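Everything below concerns the one structure shown next.
The values are calculated or read from the model by the stated rules, or taken from the named source; none is laboratory data. Computed from a predicted model, the values in this text were never measured in an experiment. Here the Cβ is made from the backbone with ideal geometry for all residues, glycine too, and neighbour counts use every protein chain on show.
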Amino acid sequence: MALTPARTMPGVLELLPLDQVAFQRMLDTIRRNYERFGFLPVETPAIEYADVLLTKTGGETERQVYFVQSTGSLEQGEKPELALRFDLTVPLARYVAEHERDLSFPFRRYQMQRVYRGERAQRGRFREFYQCDIDVIGKDSLSIRYDAELPAVIYSVFRELAIGPFTIQLNNRKLMRGYFESLGVADAEQQMLVLREVDKLDKRGADYVRDTLTGEGFGLAPEAVEKILAFVQVRSTSLQDAFDRLDALGAGPEALEQGRAELKEVLGLIHALGVPETHYALNLSIARGLDYYTGTVYETTLNEHPQIGSICSGGRYENLAGQYTKSHLPGVGISIGLSRLYWQLREAGLVATAQSTVDVLVTQMDEAQLPAYLALAGELRAAGIATEAVLEAGKLGKQFKYADRAGIRFAVVLGEDELAKGVVTVKDLRRGDQFEVARAELVKTLRVELEQAAAMG
């Protein structure tokens, strides 16, 4: 019988164990910081009803959806009624609408799960990937103060991930739309189209945006386009500089004034929340392409690796679940696309293969002493030390080689001599040295060694 080739489809991130440990630790860091700020976990099914998922989408999103169909339905030629989720926001909207009476508002949730998109296969683009989201959902209203809390969460996450200096960049869609209105772009639909073009500035450049906005599709006056391009070049260098630059925009329509007031309050509160001024800035080019953002918008970038692009983004939306409930549910949220971020960080050399989650290997010198080895392993585990015991006898050198290849730093040897003297030999496979320790002192000694090893990285 011919063997089926072992292969994975393009666009998935399948890692070797020690790389998976590194990825898992990033997940754990993000989760820990989300919970530290009082967010509660939620999980939703990978599969949703297609009509629920696609309620307020279409176009590009619909072309990327994976539809799901059972074998029986396929045989009967039925149209798929189920689909894999393509993000976590639409399932959140359905979840809040469905469980509205049982939730406490403001509802603070975090969700860290895989999502699925039919992306064209290319490096760094994934069809299955982890998103790590937090959102705060209000009932009828939600204070602008929550818009300031999320950058504090972002700062906490990326400071602990220790992947280099970063900047949380903020803008406000109301401010942008009000400024466009002051230049004669008053139609809401045209404002959205201009916003989408402005959002391409970093990728396509100023000349592309200028040509597009003055071209046939838009036909804006060259003077207005130059003012828009000057507007989106605004960047702040400190909190006071941000306030000064906002004031320098001059008076404008109601939307501009409201957006300016919201940005000032948010920027001031971020400072009060303890985020250093070096880590956040006003950036009036940040628009976010998604139409449902209505106020504050965020993008976070690595200062020394701008080519990676945004590593965390999000913003304020006015009505999360309007397609599923008559309740008014405004919210604000952010998302970290962790699979893509991890891949990019690894490519840039900013994350390395992790050490094993196993701390110690208990070797086997004499098969007749297996109960003693198992008792020793049990003693270490009871003390909170992750331990693997060798269950099949073999040459000691081969056992050391296995531990080294598996990334296990410490091996303990309990041979005939050690048993006679009441000691255990501890071998540090990374440093290549070994020492004896009294059996009664083994746990305490290993804890010290592990703490020192962790401190030295």
Can you name every residue in the stretch 130-146 that is outside any strand (DSSP E or B) and touching a Ser or Thr at 6+ places or on another chain (Cβ under 9 Å)? 139, 140, 144
For the stretch 343-359, indicate whether the set of residues that are touching a residue at least 60 places away in the same chain (Cβ under 8 Å) and aromatic (Phe, Trp, Tyr) is non-empty. yes
A careful count of residues in the stretch 154-190 that are closer than 27 Å to residue 135 by Cβ and buried (at least 19 other Cβ atoms within 10 Å of the Cβ) gives 19
Qualifying positions in the stretch 303-329 - of a type in the set (Phe, Trp, Tyr) and more than 26 Å from the chain's Cα centre (by Cα): 324
Among strands (runs of 3 or more DSSP E) entirely inside the stretch 320-434, those with 2 or more residues being under 21 Å from residue 28 (Cβ atoms), β-branched (Val, Ile, Thr) and in contact with a Phe, Trp or Tyr (Cβ under 9 Å, 6 or more places away or on another chain) are 331-337
Got at least one residue in the stretch 339-362 being more than 30 Å from residue 11 (Cβ to Cβ) and either within 21 Å of the chain's Cα centre (by Cα) or of a type in the set (Phe, Trp, Tyr) (or both)? no
Can you pull out the helices (runs of 4 or more DSSP H) entirely within the stretch 198-271 that have at least 3 residues that are under 19 Å from residue 181 (Cβ atoms), at pLDDT below 95 and of a type outside the set (Asp, Glu)? 206-214, 222-231
Can you name the helices (runs of 4 or more DSSP H) wholly within the stretch 5-102 that have at least 3 residues being assigned by TED's automatic domain parsing to the domain that holds residue 135? 17-36, 89-98
Would you be able to say whether some residue in the stretch 230-246 is of a type in the set (Phe, Trp, Tyr) and closer than 25 Å to residue 345 by Cβ? no
Residue 299 passes all but one of the listed conditions (1) in a helix (DSSP H, G or I); (2) at pLDDT 90 or above; the exception is number (1)
From the list 239, 213, which one is more than 18 Å from residue 173 (Cβ to Cβ), buried (at least 16 other Cβ atoms within 10 Å of the Cβ), without any contact (Cβ under 8 Å) to a residue 60 or more places away in the chain and assigned by TED's automatic domain parsing to the domain that holds residue 268? 239
Exactly one of 405, 346 is modelled with pLDDT under 95 and loosely packed, with under 15 Cβ neighbours inside 10 Å, and that one is 405
Scan the stretch 411-427 for residues that are out of contact with any helix residue (DSSP H, G or I) (no Cβ under 7 Å at 6 or more places or on another chain) and exposed (fewer than 15 other Cβ atoms within 10 Å of the Cβ) and jot them down. 416, 417, 420, 421
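Residues are listed down the side, and each one gets a yes or a no for (1) more than 24 Å from residue 16 (Cα to Cα); (2) among the hydrophobic types (A, V, I, L, M, F, W, C); (3) modelled with pLDDT under 90:
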{"site": "355", "(1), (2), (3)": "no, no, yes"}
{"site": "373", "(1), (2), (3)": "yes, no, no"}
{"site": "386", "(1), (2), (3)": "no, yes, no"}
{"site": "395", "(1), (2), (3)": "yes, no, no"}
Hey, can you tell me all the residues within the stretch 170-203 that are acidic (Asp, Glu), out of contact with any Gly (no Cβ under 6 Å at 6 or more places or on another chain) and in contact (Cβ under 8 Å) with a residue 60 or more places away in the chain? 181, 202
Residue 455: passes all of (1) closer than 19 Å to residue 367 by Cα; (2) part of a helix (DSSP H, G or I) but (1)
Residues to consider are 221, 261, 248, 206; find the one that is within 18 Å of residue 296 (Cα to Cα), without any contact (Cβ under 8 Å) to a residue 40 or more places away in the chain and surrounded by fewer than 16 Cβ atoms within 10 Å (Cβ to Cβ). 261
